[in-house]
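Notes follow once the structure below has been shown.
Just so it is clear, none of the values below were taken in a lab; they were calculated from the coordinates. Source: prediction; values computed, not measured. Counting neighbours? That spans all protein chains shown, and the Cβs are built from the backbone with ideal geometry, glycine included.
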Amino acid sequence: LPVQYSLQDSQLISPLSTAFNSYWYATFLTSTDDKQYAVLSQTIAAANGLAVLRTSVLDLNNTENYWQQILSDPYHDNSTLHNGRLHIDASTHGIVGLPNDSISTMGIWASANDFAYNFTIKATSPVLLNGGAGVFSWADGETRQWSLPSCGTSGELTIGNHTLEVNTTNSLTWYDRQHGVAGVNGQFTWFGIQFPGSDIKASMWYTDNTGLYEQHLKFITVRKHSGVEILGYNITEEDATWTSPRSNLTYFLAWSIWFDNGDFLRVESVRDDQEIYAPGQLTAISAFASVKGRFFGQEVGYALVDNVPGKGPT
């Protein structure tokens, strides 16, 4: 029988009741002076009372300019709620659900060494339920994931001493909410794919979990004007790789993907180093990438790719 899935309840899940609890925002920003940036902000709220923020800024006009940091701070009052609303208040970063539903408008902010931001995110985008229902088996349990791929965005980004105001007409944020009993246990790659000016948005999983709950998971959830479609695919990780001098992990930089409906995409990172790193923390790239090919009538787009490598290329 169908089960009602409350997005509001999902926003308010306690870190004490779930092993993995992630609030993920990828902001594709055009400033009022026509500069473009990709800003990644992922908060993982843990049961130990820490809020870990993985965050980065990439200058899309000059991809040599890239900044990243991991911030780990206790969240206020050992709670992610305040007056029944989402409220993660750490000393250097935070998330707040501004109305009572904690979804329709959210505020996010962070103050890192080289950059800071304060964004207001409005849920102007229809929801994308991953796997069609927003819940699926992953490794040793269930995970829940839903996305708002094209949220309205306003606010400010500061790099060094220079503050940029967001052009609200030409900026958007992909918000992704994930929580469940399972976490990364092997190779994990996720693609959030956008096609500007189109209703087509896609969330693609490609993971290999090892051990007792071995699993090879490959599916893409496509949000169209007429609804949602789930597809299988074949994927080739291309020869282009980059090895991090910090973590010594090797990452793929390009992927060729053939979908069951006959479409094809090539996804390629726009620069080598987009690793967000700190000792003792989850190490991964969160890479801005170009997208080209043929996909539900679209030919050119972009993606944010999260990748936790397994053993690396063989």
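One table, with the values for the structure above:
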| quantity | calculated |
| --- | --- |
| In sequence order, calculated HN-Hα J values of the stretch 220-226 (Karplus, 6.51, -1.76, 1.60; Hz; x Gly/Pro) | 10, 9, 10, 9, 10, 4, 8 |
| Extension reserve of the N61-D9 stretch, reckoned as 0.36 nm per residue once the Cα distance is removed | 14.8 nm |
| For the stretch 139-298, projected area of the alpha-carbon convex hull averaged over all directions, nm² | 11.7 nm² |
| Largest to smallest principal axis extent of the C-alpha atoms in the chain, angstrom | 50, 48, 43 |
| Two-site label geometry, N83 and S290: point separation in nm, points 7 Å out along Cα→Cβ | 4.8 nm |
| The stretch 28-74: proportion of alpha-carbon pairs further apart than 11 angstrom, % | 68 percent |
| Placed amide H near N65: partners under 5 Å, 5+ positions off or other chain | D59 |
| Net charge contributed by nearby residues that have their C-beta within less than 14 Å of A254 (K/R +1, D/E -1) | -2 |
| Nearest-20 debye value, the stretch 72-185 charge dipole, Cβ charges on Lys, Arg, Asp, Glu | 300 debye |
